[in-house]
Amino acid sequence: MLPLTTDPSSRPGAPAPRRRRRARWLAAALGAACAAALLAGCGHGGTGGSGETGTPSESASPTEAAPPGPAEPTGPTATAPDGRGVIRPMAAPAGCTSTVSDSDAMKQALAAARPGNTICVLGNLGDARLSIKSSGTAKAPIRVVGDGRTVVKGITVAASFVDINGINAINPHAPGISLAGNNITLENSTSISPHGDDADGIRFWGSNIVIRHNTIQHTSNAHKAHADCMQTFATDDESPASQHILIDSNRCEDISNTCLIMEGPNSEAGDGSGVGATNDVTYVNNYCQNHADEALQIDDVQNLTITRNEIAGDINHAFALQNMTTGTKVSDNKINPAVRYEVGMDDSSKPGYQGPPSGGNP
């Protein structure tokens, strides 16, 4: 049973970071100018190749690095290109049970949250990480809502029936956003320049998780990290297998490693729990610009649909399917012509496969 009071990525004795794939080059971290541009609505186009000012130290705590965002965020005004990424502008939050604009008030409101509450978080909260451990219910989820200009130093959900919308995690300690629980929705939010640990933008564990219209930028392999846009693995009770996952219309830009790495409970790494299954995953309409050998690395995941995505990186192949990743459907993806082949697959992953023929190894 999944405990809902800890962040699996930072607990004592957590599994060692996953580092099996080599990035082709290191991505630079987002500097102050680029973070400000994102919050001003200018940071959605391109791949973040300019205005970067360095890489935060892996050993720095979330309070040690100065936040690169503006002191008074003005908020994005542009919509996501091609409908992929955060949606801006956003309306002011409505139906607020409480409205907070400083770190102490946010912590108190989140600690006191009850099913059906809407916590509205506004402004730049500096070094504070948004952390919620209280669960809602199916009929009364807990909502944490920003206005698209809200800045925090990371997001942790360790609860169920929680919706997060319109929050910017700028220069957070990695994972920039951590989702652990069931029936969680993350929308219209960002994870920009995560650092420390394995430098991942988003990690998730659980069932019925929706990750939609988010922007993740500038994950860096500095300090021996394996910096992915999104990741899940199934190693123990606190990092369980995930089911019924929708990853829809997100934007991963300037990612050192994969845009999505999923490892089931019987992964080739040999550290899986062997309990349950990671299955029923839809990866649709996402933008991926990354620098590893592949865009998606999928290991021991069943019934995966990959459709209508744009793979923009100059990489070896787009989708790596291995170790009993069966029942995969691949269709209608736009692939950079520089990519050598779309799908790499081993023999164990061929049962139930529908899509382009395998062009080589996963």
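Report, by residue number, each residue of segment 323-362 that is under 21 Å from Cys252 (Cβ atoms) and among the polar types (S, T, N, Q).
Thr325, Thr328, Ser331, Asn333, Asn336
Report the residue count in segment 320-338 for those that are out of contact with any strand residue (DSSP E or B) (no Cβ under 6 Å at 6 or more places or on another chain) and buried (at least 16 other Cβ atoms within 10 Å of the Cβ).
2
Scan segment 89-101 for residues that are in a loop (DSSP other than H, G, I, E, B), surrounded by 15 or more Cβ atoms within 10 Å (Cβ to Cβ) and not hydroxyl-bearing (Ser, Thr, Tyr) and report the count. Can you show your working first?
So the first thing to find is which residues in segment 89-101 are in a loop (DSSP other than H, G, I, E, B), and the list is 89-97, 101.
Still in the list and also surrounded by 15 or more Cβ atoms within 10 Å (Cβ to Cβ): 90, 93, 96-97.
Still in the running and not hydroxyl-bearing (Ser, Thr, Tyr): 90, 93, 96.
Residues flagged as in a loop (DSSP other than H, G, I, E, B), surrounded by 15 or more Cβ atoms within 10 Å (Cβ to Cβ) and not hydroxyl-bearing (Ser, Thr, Tyr) within segment 89-101 amount to 3.
Pick from Phe204, Phe233: which is touching a strand residue (DSSP E or B) at 6+ places or on another chain (Cβ under 9 Å), at pLDDT 95 or above and more than 24 Å from Ile167 (Cβ to Cβ)?
Details: Phe204 fails: more than 24 Å from Ile167 (Cβ to Cβ).
One residue alone meets the criteria, Phe233.
Being at pLDDT 95 or above and among the hydrophobic types (A, V, I, L, M, F, W, C) is the filter here, so list the residues in segment 236-269 that pass it.
The answer is Ala241, Ile245, Leu246, Ile247, Cys252, Ile255, Cys259, Leu260, Ile261, Met262.
Is segment 301-316 home to any residue that is out of contact with any Cys (no Cβ under 8 Å at 6 or more places or on another chain) and among the small types (Gly, Ala, Ser)? Working first, answer last.
Going residue by residue through segment 301-316, those that are out of contact with any Cys (no Cβ under 8 Å at 6 or more places or on another chain) are 301-308, 314-316.
Keeping just the survivors that are among the small types (Gly, Ala, Ser) gives none.
No: segment 301-316 contains no residue that is out of contact with any Cys (no Cβ under 8 Å at 6 or more places or on another chain) and among the small types (Gly, Ala, Ser).
Here are some residues: Val145, Val86. Which one is part of a strand (DSSP E or B) and either buried (at least 16 other Cβ atoms within 10 Å of the Cβ) or not hydroxyl-bearing (Ser, Thr, Tyr) (or both)?
On the way: Val86 fails: part of a strand (DSSP E or B).
After applying the criteria, what remains is Val145.
Just need a number here: residues in segment 129-144 that are of a type outside the set (Ser, Thr, Tyr) and within 18 Å of the chain's Cα centre (by Cα).
Of the residues in segment 129-144, 4 are of a type outside the set (Ser, Thr, Tyr) and within 18 Å of the chain's Cα centre (by Cα).
Among the residues of segment 271-287, is there at least one that is at pLDDT 95 or above, in contact with a Cys (Cβ under 9 Å, 6 or more places away or on another chain), buried (at least 21 other Cβ atoms within 10 Å of the Cβ) and not in a strand (DSSP E or B)?
Yes, because at least one residue in segment 271-287 is at pLDDT 95 or above, in contact with a Cys (Cβ under 9 Å, 6 or more places away or on another chain), buried (at least 21 other Cβ atoms within 10 Å of the Cβ) and not in a strand (DSSP E or B).
Sort out which residues of segment 339-355 are of a type outside the set (Val, Ile, Thr) and either assigned to a helix (DSSP H, G or I) or buried (at least 16 other Cβ atoms within 10 Å of the Cβ) (or both), and write them in order of number.
Residues of segment 339-355 that are of a type outside the set (Val, Ile, Thr), as a first pass: 340-342, 344-355.
Across segment 339-355, the qualifying residues are Tyr341, Glu342, Gly344, Met345, Asp346, Asp347, Ser348, Ser349, Tyr353, Gly355.
Quickly run through segment 76-128 and pick out the residues that are over 23 Å from the mean Cα position of the chain (by Cα), polar (S, T, N, Q) and within 12 Å of Arg149 (Cβ to Cβ).
Ser101
Select from segment 102-125 the residues that are in a loop (DSSP other than H, G, I, E, B) and in contact with an Asp or Glu (Cβ under 9 Å, 6 or more places away or on another chain) and list them in ascending order. Break it down stepwise before answering.
Applying the first criterion (in a loop (DSSP other than H, G, I, E, B)) to segment 102-125 yields 102, 112-117, 122-123, 125.
Those that are in a loop (DSSP other than H, G, I, E, B) and in contact with an Asp or Glu (Cβ under 9 Å, 6 or more places away or on another chain): Leu122, Gly123, Leu125.
Taking segment 114-150 on its own, how many of its residues are in contact with a Leu (Cβ under 8 Å, 6 or more places away or on another chain) and closer than 13 Å to Asn188 by Cα?
Start the filter on segment 114-150 by keeping residues that are in contact with a Leu (Cβ under 8 Å, 6 or more places away or on another chain), which leaves 119, 121, 130-135, 144, 146-147, 149-150.
Retained after the next criterion (residues that are closer than 13 Å to Asn188 by Cα): 144, 146-147, 149-150.
Total meeting the criteria: 5.
The values are calculated or read from the model by the stated rules, or taken from the named source; none is laboratory data. Everything numeric here is computed off the predicted structure, so don't read it as measured data. Note: ideal-geometry Cβ built from the backbone for every residue, glycine included; neighbour counts use all protein chains shown.
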